[in-house]
Amino acid sequence: MSLIMPLSNRSAEKPKKTILAEGLDPVLIGVTLALLCLGMVMVASASITVADRQLATPFYYLHRQAFAAAIGLVAIIFMLKVRLVYWEKSGMALLGFAFFLVILVLLPGIGKTVNGSTRWIPLGLFNLQVSEVVKLFLLIYVAGYLVRHGEEVRSSLSGFLKPMVMVGLVCLF
């Protein structure tokens, strides 16, 4: 196809679907995958001597990171299947679950303390760092709130402060 095309033919031409899926930004996907690969290289280079010395397996931490990345990629595929309206409507429930997780990690016998900090919940194969899940849930809550109350947030200080109070309460814990 030539780059110079009459305007009448341009409007009749349908936009091409991306290879990955309709609606996904290929540049964003590419940058994300590049950062993932860069992170894998950094983990490998930073941990190869430590893993070799302590575990006699030089790529132990790289394999763990690759396994976690694979789980993350599968989770992304499932999350992309959920319609945006459901994420928007689930904001309050996810915020409630975030409060639950933050309180749960502080309960004796449930939260795992490392280097004087109790931030993890042991789940067998891995430790869940609650703050990372809570950040995602807070982001979903605030985004949904902004969709529902965008004009109020833009026009008044109280509209802005309402979701910030919820975020502040979670951060307090």
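Note that region 147-157 has calculated 3J(HN,Hα) couplings of 5, 6, 10, x, 5, 5, 5, 6, 9, 9, 5 Hz, one per residue in order, obtained from phi through the Karplus relation 6.51 cos²θ - 1.76 cosθ + 1.60 (θ = phi - 60°); glycine and proline are x. For region 45-173, rounded, prolate or oblate, judged on the Cα gyration tensor with a ≥ b ≥ c (square roots of eigenvalues), a/c < 1.5 rounded, else prolate if a/b > b/c? The shape class here is prolate.
With contacts taken as Cα pairs under 8 Å at a separation of at least 6 residues, region 34-173 carries a relative contact order of 17 percent.
For Lys112, the residues whose modelled amide H falls within less than 5 Å of its own, excluding neighbours fewer than 5 places apart on the same chain, are Arg119, Trp120, Ile121. Along region 62-76 the Karplus relation, 6.51 cos²θ - 1.76 cosθ + 1.60 evaluated at θ = phi - 60°, assigns HN-Hα couplings of 5, 5, 5, 5, 5, 5, 5, 5, 5, 4, x, 5, 5, 4, 4 Hz to successive residues, with x for each Gly and Pro.
The label-point distance for Thr32 and Ala46, in a model that sets each label 7 Å from Cα toward Cβ, rounds to 2.2 nm. Figure legend: label point modelled 7 angstrom from the Cα of Lys162 along Cα→Cβ; residues of region 81-104 with amide N under 14 Å from it are 92. Close lysine pairs were tallied over the chain: pairs 8 or more places apart or on different chains with Cα atoms under 29 Å apart number 10.
Using just its DSSP H runs of length 4 or more, each adding -39500 (n - 2.57), the chain gives a mean residue ellipticity at 222 nm of -23500 deg cm²/dmol after division by all residues.
A short reminder: the numbers here are calculations on the coordinates, not readings from a lab. Values in this document were obtained by computation on a predicted structure and should not be read as measured data. Glycine also receives a Cβ, built like all others from the backbone with ideal geometry; neighbour counts cover every protein chain displayed.
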